[in-house]
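The values are calculated or read from the model by the stated rules, or taken from the named source; none is laboratory data. Given the structure is predicted, the values throughout are model-derived calculations rather than measurements. For neighbour counting, all protein chains shown are included, and Cβ atoms are generated from backbone atoms with ideal geometry for every residue, glycine included.
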Amino acid sequence: MAKTEPRTLSGFMELLPNEQILFNQIKETIENTYKKFGFLPLDTPVIELSEVLLAKAGGETEKQIYRFNKGDNDLSLRFDLTVPLSKYVAKNYGNLSFPFRRYQIGKVYRGERTQKGRFREFYQCDIDIIGDGELDLINDAELPSVIYTIFKSLGFDDFTIRVNNRKILNGLFESFGQKENAVEFLRIIDKIDKIGKEAVVEELSKLGISKDAIDNIISFIEIDGTSDEKLDKLKQLGIQNETFTKGVEELEYVIKNMRLFGIPETNFKVDLTIARGLDYYTGTVYETFLNEYRELRKCLLRW
(Lines give C-alpha, C1' and ligand atoms only; values in the text may rest on other atoms or scores of the structure.)
Protein backbone atom coordinates (compact mmCIF):
# COMPACT_ATOMS: atom_id res chain seq x y z
CA MET A 1 0.00 0.00 0.00
CA ALA A 2 1.38 3.40 -0.96
CA LYS A 3 2.16 5.77 1.88
CA THR A 4 0.26 9.02 2.10
CA GLU A 5 2.39 12.06 2.81
CA PRO A 6 1.01 14.11 5.73
CA ARG A 7 0.48 17.63 4.43
CA THR A 8 -1.88 20.55 4.86
CA LEU A 9 -3.61 22.26 1.96
CA SER A 10 -1.98 25.49 0.83
CA GLY A 11 -3.57 28.50 2.47
CA PHE A 12 -4.93 26.57 5.45
CA MET A 13 -3.45 27.23 8.88
CA GLU A 14 -2.24 24.90 11.59
CA LEU A 15 -0.36 26.23 14.61
CA LEU A 16 2.06 24.67 17.04
CA PRO A 17 0.85 24.64 20.67
CA ASN A 18 2.86 27.73 21.73
CA GLU A 19 1.51 29.64 18.70
CA GLN A 20 -2.03 28.47 19.40
CA ILE A 21 -1.78 29.71 23.00
CA LEU A 22 -0.76 33.17 21.74
CA PHE A 23 -3.53 33.10 19.11
CA ASN A 24 -6.11 32.21 21.76
CA GLN A 25 -4.94 35.13 23.94
CA ILE A 26 -5.40 37.56 21.04
CA LYS A 27 -8.83 36.11 20.23
CA GLU A 28 -9.86 36.40 23.90
CA THR A 29 -8.77 40.06 24.01
CA ILE A 30 -10.89 40.85 20.96
CA GLU A 31 -13.88 38.94 22.32
CA ASN A 32 -13.68 40.66 25.71
CA THR A 33 -13.63 44.06 24.02
CA TYR A 34 -16.75 43.18 22.02
CA LYS A 35 -18.51 42.17 25.23
CA LYS A 36 -17.40 45.37 26.96
CA PHE A 37 -19.15 47.39 24.24
CA GLY A 38 -22.37 45.41 24.70
CA PHE A 39 -22.24 43.02 21.74
CA LEU A 40 -23.88 39.60 22.07
CA PRO A 41 -22.30 36.34 20.86
CA LEU A 42 -23.60 34.51 17.80
CA ASP A 43 -22.51 31.43 15.85
CA THR A 44 -23.71 30.47 12.38
CA PRO A 45 -23.10 27.33 10.27
CA VAL A 46 -19.89 27.03 8.25
CA ILE A 47 -21.91 25.48 5.39
CA GLU A 48 -24.84 27.36 3.86
CA LEU A 49 -27.12 26.91 0.87
CA SER A 50 -25.38 28.48 -2.14
CA GLU A 51 -28.48 30.44 -3.11
CA VAL A 52 -28.35 32.17 0.30
CA LEU A 53 -24.66 32.99 0.22
CA LEU A 54 -24.80 34.26 -3.36
CA ALA A 55 -27.96 36.34 -2.93
CA LYS A 56 -25.94 39.57 -2.62
CA ALA A 57 -22.63 38.57 -4.15
CA GLY A 58 -21.25 37.64 -7.53
CA GLY A 59 -18.28 38.30 -9.78
CA GLU A 60 -14.98 37.87 -7.94
CA THR A 61 -16.70 36.66 -4.77
CA GLU A 62 -18.56 33.87 -6.54
CA LYS A 63 -15.30 32.70 -8.11
CA GLN A 64 -13.71 32.37 -4.66
CA ILE A 65 -16.46 30.34 -3.00
CA TYR A 66 -15.88 26.69 -2.14
CA ARG A 67 -19.04 25.19 -3.64
CA PHE A 68 -20.15 21.56 -3.81
CA ASN A 69 -23.19 19.30 -4.10
CA LYS A 70 -24.38 16.81 -1.51
CA GLY A 71 -27.40 14.88 -2.69
CA ASP A 72 -29.87 17.42 -4.08
CA ASN A 73 -28.39 20.32 -2.11
CA ASP A 74 -26.17 23.02 -3.67
CA LEU A 75 -23.90 23.99 -0.76
CA SER A 76 -21.03 26.43 -0.10
CA LEU A 77 -18.57 27.21 2.68
CA ARG A 78 -19.22 30.69 4.07
CA PHE A 79 -16.87 33.34 2.61
CA ASP A 80 -17.65 35.90 5.32
CA LEU A 81 -19.84 36.25 8.42
CA THR A 82 -22.03 39.07 7.11
CA VAL A 83 -24.28 37.17 4.71
CA PRO A 84 -24.98 34.40 7.28
CA LEU A 85 -25.83 37.18 9.76
CA SER A 86 -28.33 38.68 7.32
CA LYS A 87 -29.96 35.28 6.93
CA TYR A 88 -30.04 34.81 10.71
CA VAL A 89 -31.72 38.17 11.34
CA ALA A 90 -34.31 37.64 8.58
CA LYS A 91 -35.07 34.14 9.90
CA ASN A 92 -35.30 35.17 13.58
CA TYR A 93 -36.65 38.70 13.17
CA GLY A 94 -39.60 38.18 15.52
CA ASN A 95 -37.39 36.91 18.34
CA LEU A 96 -34.74 39.65 18.32
CA SER A 97 -34.58 43.01 20.10
CA PHE A 98 -33.39 45.93 18.00
CA PRO A 99 -30.95 47.47 17.63
CA PHE A 100 -29.40 44.00 17.62
CA ARG A 101 -25.71 44.13 18.57
CA ARG A 102 -23.86 40.92 17.81
CA TYR A 103 -20.31 39.67 17.51
CA GLN A 104 -18.99 36.52 15.91
CA ILE A 105 -15.47 35.14 15.65
CA GLY A 106 -15.19 32.21 13.28
CA LYS A 107 -13.48 30.64 10.29
CA VAL A 108 -14.36 31.66 6.75
CA TYR A 109 -13.16 30.24 3.42
CA ARG A 110 -12.08 31.84 0.17
CA GLY A 111 -10.54 29.99 -2.76
CA GLU A 112 -8.15 32.76 -3.78
CA ARG A 113 -4.45 32.77 -4.58
CA THR A 114 -2.42 32.20 -1.42
CA GLN A 115 0.08 34.93 -0.66
CA LYS A 116 1.71 36.65 2.31
CA GLY A 117 -1.00 37.72 4.74
CA ARG A 118 -3.81 36.11 2.70
CA PHE A 119 -5.12 32.63 3.44
CA ARG A 120 -7.88 30.40 2.11
CA GLU A 121 -9.04 29.56 5.63
CA PHE A 122 -8.89 32.32 8.20
CA TYR A 123 -10.70 33.76 11.20
CA GLN A 124 -12.97 36.75 10.83
CA CYS A 125 -13.74 38.89 13.86
CA ASP A 126 -17.04 40.57 13.11
CA ILE A 127 -19.35 43.03 14.88
CA ASP A 128 -22.59 44.51 13.60
CA ILE A 129 -25.38 46.71 14.87
CA ILE A 130 -28.63 45.85 13.11
CA GLY A 131 -31.50 48.33 13.20
CA ASP A 132 -35.19 47.84 12.52
CA GLY A 133 -35.65 50.47 9.83
CA GLU A 134 -33.51 53.52 10.56
CA LEU A 135 -30.31 53.23 12.60
CA ASP A 136 -28.68 56.26 14.22
CA LEU A 137 -25.49 57.32 12.47
CA ILE A 138 -23.77 57.61 15.85
CA ASN A 139 -23.20 53.85 15.60
CA ASP A 140 -20.88 54.47 12.64
CA ALA A 141 -18.69 56.51 14.98
CA GLU A 142 -18.87 53.97 17.80
CA LEU A 143 -17.48 51.09 15.77
CA PRO A 144 -14.10 52.80 15.17
CA SER A 145 -13.97 53.26 18.95
CA VAL A 146 -14.19 49.47 19.25
CA ILE A 147 -11.41 49.12 16.68
CA TYR A 148 -9.24 51.62 18.55
CA THR A 149 -9.79 49.87 21.89
CA ILE A 150 -8.90 46.46 20.43
CA PHE A 151 -5.64 47.58 18.88
CA LYS A 152 -4.58 49.44 22.01
CA SER A 153 -5.44 46.38 24.13
CA LEU A 154 -3.26 44.25 21.85
CA GLY A 155 -0.32 46.59 22.49
CA PHE A 156 -0.31 48.52 19.20
CA ASP A 157 0.11 52.30 19.05
CA ASP A 158 1.13 53.03 15.45
CA PHE A 159 -2.04 52.23 13.51
CA THR A 160 -4.47 54.23 11.40
CA ILE A 161 -8.22 53.75 11.02
CA ARG A 162 -8.98 54.90 7.47
CA VAL A 163 -12.56 56.06 6.98
CA ASN A 164 -14.66 56.77 3.91
CA ASN A 165 -18.31 56.74 2.82
CA ARG A 166 -19.50 54.78 -0.21
CA LYS A 167 -22.18 57.40 -0.96
CA ILE A 168 -19.42 59.89 -1.82
CA LEU A 169 -17.95 57.65 -4.51
CA ASN A 170 -21.35 56.48 -5.75
CA GLY A 171 -22.46 60.08 -6.04
CA LEU A 172 -19.30 60.96 -7.95
CA PHE A 173 -19.94 58.18 -10.48
CA GLU A 174 -23.59 59.23 -10.81
CA SER A 175 -22.43 62.77 -11.62
CA PHE A 176 -20.33 61.27 -14.45
CA GLY A 177 -23.38 59.40 -15.77
CA GLN A 178 -21.79 56.09 -14.72
CA LYS A 179 -24.23 54.89 -12.06
CA GLU A 180 -24.60 51.46 -13.68
CA ASN A 181 -20.83 50.86 -13.44
CA ALA A 182 -20.44 52.10 -9.85
CA VAL A 183 -19.99 48.66 -8.22
CA GLU A 184 -17.26 47.67 -10.68
CA PHE A 185 -15.54 51.06 -10.26
CA LEU A 186 -15.54 50.64 -6.49
CA ARG A 187 -14.12 47.13 -6.72
CA ILE A 188 -11.23 48.40 -8.84
CA ILE A 189 -10.52 51.51 -6.75
CA ASP A 190 -10.48 49.40 -3.59
CA LYS A 191 -7.44 47.57 -5.00
CA ILE A 192 -5.30 50.69 -5.51
CA ASP A 193 -3.27 50.07 -2.37
CA LYS A 194 -2.52 46.52 -3.55
CA ILE A 195 -1.96 46.94 -7.30
CA GLY A 196 -1.02 50.62 -7.62
CA LYS A 197 -2.44 53.59 -9.51
CA GLU A 198 -1.24 52.55 -12.98
CA ALA A 199 -2.93 49.16 -12.73
CA VAL A 200 -6.17 50.80 -11.53
CA VAL A 201 -6.08 53.19 -14.50
CA GLU A 202 -5.55 50.22 -16.83
CA GLU A 203 -8.50 48.29 -15.37
CA LEU A 204 -10.77 51.33 -15.62
CA SER A 205 -9.70 51.80 -19.23
CA LYS A 206 -10.72 48.22 -20.02
CA LEU A 207 -14.26 49.14 -18.96
CA GLY A 208 -14.36 51.69 -21.77
CA ILE A 209 -14.18 54.72 -19.47
CA SER A 210 -12.89 57.88 -21.12
CA LYS A 211 -9.47 59.23 -20.21
CA ASP A 212 -11.02 62.45 -18.85
CA ALA A 213 -13.35 60.48 -16.54
CA ILE A 214 -10.47 58.32 -15.32
CA ASP A 215 -8.31 61.39 -14.68
CA ASN A 216 -11.18 62.91 -12.68
CA ILE A 217 -11.60 59.74 -10.62
CA ILE A 218 -7.88 59.49 -9.83
CA SER A 219 -7.65 63.21 -8.98
CA PHE A 220 -10.65 62.79 -6.71
CA ILE A 221 -9.33 59.86 -4.66
CA GLU A 222 -5.92 61.59 -4.39
CA ILE A 223 -7.35 64.66 -2.64
CA ASP A 224 -4.86 65.28 0.17
CA GLY A 225 -4.66 67.10 3.49
CA THR A 226 -5.94 66.47 6.99
CA SER A 227 -9.35 64.88 7.50
CA ASP A 228 -10.97 68.31 7.91
CA GLU A 229 -9.15 69.69 4.87
CA LYS A 230 -10.34 66.77 2.74
CA LEU A 231 -13.92 67.33 3.88
CA ASP A 232 -13.67 71.01 3.00
CA LYS A 233 -12.24 70.20 -0.43
CA LEU A 234 -15.09 67.75 -1.07
CA LYS A 235 -17.61 70.49 -0.32
CA GLN A 236 -15.79 72.94 -2.59
CA LEU A 237 -15.95 70.62 -5.61
CA GLY A 238 -19.46 71.84 -6.32
CA ILE A 239 -20.77 68.39 -7.26
CA GLN A 240 -24.57 68.74 -7.50
CA ASN A 241 -25.59 65.23 -6.57
CA GLU A 242 -27.84 64.24 -3.66
CA THR A 243 -26.02 60.97 -2.95
CA PHE A 244 -22.63 62.71 -2.93
CA THR A 245 -23.84 65.49 -0.61
CA LYS A 246 -25.39 62.96 1.79
CA GLY A 247 -22.14 60.98 1.88
CA VAL A 248 -20.05 64.05 2.74
CA GLU A 249 -22.50 65.03 5.49
CA GLU A 250 -22.42 61.52 6.97
CA LEU A 251 -18.63 61.33 6.84
CA GLU A 252 -18.29 64.72 8.54
CA TYR A 253 -20.70 63.60 11.28
CA VAL A 254 -18.81 60.34 11.84
CA ILE A 255 -15.43 62.10 12.06
CA LYS A 256 -16.81 64.65 14.57
CA ASN A 257 -18.18 61.90 16.81
CA MET A 258 -15.08 59.71 16.52
CA ARG A 259 -13.28 62.58 18.21
CA LEU A 260 -15.97 62.72 20.90
CA PHE A 261 -15.48 58.98 21.48
CA GLY A 262 -11.86 59.80 22.34
CA ILE A 263 -10.04 58.47 19.28
CA PRO A 264 -6.83 60.50 18.82
CA GLU A 265 -6.23 62.31 15.52
CA THR A 266 -3.04 60.28 15.08
CA ASN A 267 -5.06 57.07 14.81
CA PHE A 268 -7.60 57.95 12.11
CA LYS A 269 -7.90 59.76 8.78
CA VAL A 270 -10.29 60.23 5.89
CA ASP A 271 -9.13 58.06 2.96
CA LEU A 272 -11.13 58.36 -0.26
CA THR A 273 -9.55 55.19 -1.71
CA ILE A 274 -11.28 52.96 0.88
CA ALA A 275 -14.22 51.59 -1.09
CA ARG A 276 -14.75 47.83 -0.54
CA GLY A 277 -15.71 45.68 -3.49
CA LEU A 278 -19.04 44.15 -2.43
CA ASP A 279 -22.24 45.98 -3.29
CA TYR A 280 -23.85 45.52 0.14
CA TYR A 281 -21.60 48.25 1.57
CA THR A 282 -23.54 51.47 1.09
CA GLY A 283 -22.38 53.93 3.76
CA THR A 284 -19.42 54.32 6.11
CA VAL A 285 -16.51 51.94 5.52
CA TYR A 286 -13.27 51.47 7.45
CA GLU A 287 -9.93 49.75 7.10
CA THR A 288 -7.31 49.73 9.83
CA PHE A 289 -3.62 49.53 8.98
CA LEU A 290 -0.67 48.69 11.18
CA ASN A 291 1.61 51.37 9.79
CA GLU A 292 4.81 49.37 10.20
CA TYR A 293 3.21 46.22 8.75
CA ARG A 294 0.94 47.49 5.99
CA GLU A 295 0.64 44.04 4.42
CA LEU A 296 -1.25 42.99 7.55
CA ARG A 297 -4.51 44.83 8.06
CA LYS A 298 -7.64 44.46 10.11
CA CYS A 299 -10.90 45.40 8.40
CA LEU A 300 -14.06 46.26 10.27
CA LEU A 301 -16.77 47.44 7.96
CA ARG A 302 -20.01 49.32 8.16
CA TRP A 303 -22.76 49.70 5.57
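Here are the numbers for this structure:
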{"read-out": "The range 99-133 - residue that is over 24 Å from Gln25 (Cβ atoms) and of a type in the set (Gly, Ala, Ser) and, of those, surrounded by the fewest Cβ atoms within 10 Å (Cβ to Cβ)", "value": "Gly133"}
{"read-out": "Test: residue in the range 233-251 that is charged (D, E, K, R), closer than 30 Å to Arg118 by Cα, assigned by TED's automatic domain parsing to the domain that holds Asn170 and more than 21 Å from the chain's Cα centre (by Cα)", "value": "no"}
{"read-out": "Hey, Ile147 closer than 18 Å to Asp80 by Cβ, in contact (Cβ under 8 Å) with a residue 40 or more places away in the chain, outside the structural domain of Tyr66 (by TED's automatic domain parsing) and part of a helix (DSSP H, G or I) or not", "value": "yes"}
{"read-out": "Members of the range 225-257 found to be on the phi > 0 side of the Ramachandran plot and at pLDDT below 90, listed by number", "value": "Gly238"}
{"read-out": "All positions within the range 200-225 that are part of a helix (DSSP H, G or I), within 15 Å of Arg187 (Cβ to Cβ) and either in contact with an Asp or Glu (Cβ under 8 Å, 6 or more places away or on another chain) or in contact (Cβ under 8 Å) with a residue 24 or more places away in the chain (or both)", "value": "Ile217, Ile221"}
{"read-out": "Conditions (1) under 24 Å from Lys235 (Cα atoms); (2) in contact (Cβ under 8 Å) with a residue 40 or more places away in the chain; number of the one not met by Phe156", "value": "(1)"}
{"read-out": "Residue selected from the range 116-161 under the condition in contact with an Asp or Glu (Cβ under 9 Å, 6 or more places away or on another chain) and polar (S, T, N, Q), by the criterion nearest to Thr33 (Cα to Cα)", "value": "Gln124"}
{"read-out": "Whichever residue in the range 134-159 is of a type in the set (Asp, Glu) and either surrounded by 14 or more Cβ atoms within 10 Å (Cβ to Cβ) or touching a Pro at 6+ places or on another chain (Cβ under 9 Å) (or both) and, among such residues, is farthest from Ile47 (Cα to Cα)", "value": "Asp136"}
{"read-out": "Contacts under 9 angstrom Cβ, first residue in the range 75-96 being among the β-branched types (Val, Ile, Thr), partner modelled with pLDDT under 95 and in a helix (DSSP H, G or I), 6 or more apart", "value": "Val83/Val52; Val83/Leu53"}
{"read-out": "Verdict on Glu222 being modelled with pLDDT under 85, on the phi < 0 side of the Ramachandran plot and not hydrophobic (A, V, I, L, M, F, W, C)", "value": "yes"}
{"read-out": "Qualifying residue in the range 145-153 (condition: out of contact with any Ser or Thr (no Cβ under 9 Å at 6 or more places or on another chain) and within 22 Å of Asn257 (Cβ to Cβ))", "value": "yes"}
{"read-out": "Some residue of the range 281-291 being over 18 Å from the mean Cα position of the chain (by Cα) and aliphatic (A, V, I, L, M)", "value": "no"}
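Residue-wise test of (1) under 29 Å from Leu186 (Cα atoms); (2) surrounded by 11 or more Cβ atoms within 10 Å (Cβ to Cβ); (3) touching a Pro at 6+ places or on another chain (Cβ under 9 Å).
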position: Leu15; (1), (2), (3): no, yes, no
position: Glu19; (1), (2), (3): no, yes, no
position: Lys35; (1), (2), (3): no, yes, yes
position: Glu48; (1), (2), (3): yes, yes, yes
